[in-house]
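A.B. asks: Pasting in a structure now, in C-alpha cells, and then I'll have a few things to ask.
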C-alpha cells in the first residue's frame, strides 16, 4: 500500500488551504483536470484569430484544456489567487491627467510571476513533507493552462464578461496561479455567480475589444497592444489609448464587484514611485539604461525600450499642446533620421535599434507630431473617471 492510500485526504486538503493562506494567498480551491467543456469556446476563439501575434496560443491550443497531458500523472489542480491592488491606486487622478503616463496597476510593483511561483513551490514542498509521494509543478502564466477556467472550477471565482476571474467577495484585482499535483484530493464546488445582465465592462472598453460576452479580441485590447503587440500600433486604436502606456484597467474599474475590493498586503506589489503617475516628459526622456534601472524586477522591463518609447509616443500624441513635449518629439525624430551611433545614443538607446524598431518609432513620431494638441479627452474617458470617483472613492 502506498503512502497516499494511508493518509486522510480531507485533512490534507484543509491543510493545503491553511498553508496557502499562510503563504499570502487569499483564495485557494481544488479541482479535477477535466476542462473539456471549454474546448469548443477555445477553438472558436482560436479560429477567429483573436490571439493576434501571440502565436503560442494556436501552437499549443487544445493542450490548454487538457492539463493531464501537460504534466503526466496530474489528477488535481490547486488554484490560488493573490490580491494585488496597491494603496493609493489614484485611478481617476492619473487617467484624467493626459500629461501623466498610466500604467496598469498590476505592473506598478514587483513582477508577480516570480513571487507567486515561489510561494506555490513552497506550498508544494509543504505538501511533499506531509506525503513524500507527492509530485507537483507550479505555474503562473508560464504554461498553456486555462487558468480562469481552472479558477472557476476550483471555486475561486467566476469568469466575467471581460474574461477575468471575479470573486464575489473580493473582485478581480488578483493574480492567479496553479499547482498541478498527483494526489486524489477532494474537489471543491464551482462558484455559480455570474455577471447577470451587467455589461459595464463591454460598454466602457475604449477600443471595443470585448466583442461579445466572455470574448475578448486581443488585437483590439490596449493591454495587448501596449505589451504583446510587436511593431506599429494600428492607427485606429491610438487615440483611444489616451495616456495608457502599459496595460489598461478600464474593464475592471467599472465592475460592480470591485467597489469594495481589498488592498494588497504584499509590499512587493506596492507602487514604485518612478512608474506611478510620472509625467510623460520624464518617462519619455529616460535613456535605455534608465528604463532598465527603473523597471528592474518589474514586468514592464520585458517589453523593451523600443516598445516603451512607442507607447509613450502615442500617449504624447494624445496629450494637450505642450512645448516641452513637442520639442522632445522633434528632437527624437531628428535623432532617428540620422544613421550615426552617436545620434542613437542621443535618442536614448544603449545600442543601435534594429531597422524595424527605427522604422516603427519614426512612423509613431510622425503621427504624434501631427496629432499632438489636436485631441480632447473623449466622453467615454470622462464617463470612466466619473464612474471611478463614484464607485472607488478611496482610490480616486
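A.B. asks: Checking the condition assigned by TED's automatic domain parsing to the domain that holds residue 378 and without any contact (Cβ under 8 Å) to a residue 24 or more places away in the chain, which residue from 316, 345 passes?
C.D. replies: Selected residue: 345, the only one of 316, 345 that is assigned by TED's automatic domain parsing to the domain that holds residue 378 and without any contact (Cβ under 8 Å) to a residue 24 or more places away in the chain.
A.B. asks: Could you list all residues from the range 364-384 that are part of a helix (DSSP H, G or I) and either modelled with pLDDT of 85 or more or touching a strand residue (DSSP E or B) at 6+ places or on another chain (Cβ under 7 Å) (or both)?
C.D. replies: 364, 365, 366, 367, 368, 369, 370, 371, 384
A.B. asks: Which one of these is assigned by TED's automatic domain parsing to the domain that holds residue 333, crowded, with 19+ Cβ neighbours inside 10 Å, on the phi > 0 side of the Ramachandran plot and touching a helix residue (DSSP H, G or I) at 6+ places or on another chain (Cβ under 9 Å): 231, 242, 277?
C.D. replies: 242
A.B. asks: Would you pick out the residues in the range 202-245 that are touching a strand residue (DSSP E or B) at 6+ places or on another chain (Cβ under 6 Å) and under 28 Å from residue 276 (Cβ atoms)?
C.D. replies: 209, 210, 216, 222, 226, 243, 244
A.B. asks: Within the range 4-54, count every residue that is in a helix (DSSP H, G or I) and farther than 30 Å from residue 211 by Cα.
C.D. replies: Count: 17.
A.B. asks: Mind listing whichever residues of the range 162-213 are under 22 Å from the mean Cα position of the chain (by Cα) and over 20 Å from residue 147 (Cβ atoms)?
C.D. replies: 199, 200, 202, 203, 204, 205, 206, 207, 208, 211, 212
A.B. asks: Could you check how many residues of the range 114-133 are in contact with a helix residue (DSSP H, G or I) (Cβ under 8 Å, 6 or more places away or on another chain) and farther than 15 Å from residue 25 by Cβ?
C.D. replies: Number satisfying all stated conditions: 4.
A.B. asks: So is residue 327 more than 15 Å from residue 111 (Cα to Cα) and not assigned by TED's automatic domain parsing to the domain that holds residue 246 or not?
C.D. replies: no
A.B. asks: Taking the range 283-301 only, how many residues are in a helix (DSSP H, G or I) and in contact with a helix residue (DSSP H, G or I) (Cβ under 8 Å, 6 or more places away or on another chain)?
C.D. replies: Residues that pass the stated criteria total 10.
A.B. asks: Of all residues being under 25 Å from residue 93 (Cβ atoms), free of Cβ contacts under 8 Å to residues at least 40 places away in the same chain and in a helix (DSSP H, G or I) in the range 214-264, which is farthest from the chain's Cα centre (by Cα)? Just the residue, please.
C.D. replies: 237
A.B. asks: Hey, which of the helices (runs of 4 or more DSSP H) in the range 76-182, taking only ones fully inside, have at least 1 residues that are surrounded by fewer than 20 Cβ atoms within 10 Å (Cβ to Cβ)?
C.D. replies: Qualifying helices (runs of 4 or more DSSP H): 91-95, 112-130.
The values are calculated or read from the model by the stated rules, or taken from the named source; none is laboratory data. These numbers were taken from a predicted model, which means no experiment stands behind them. FYI the Cβ positions are ideal-geometry reconstructions off the backbone, even for glycines, and counts take in every protein chain you see.
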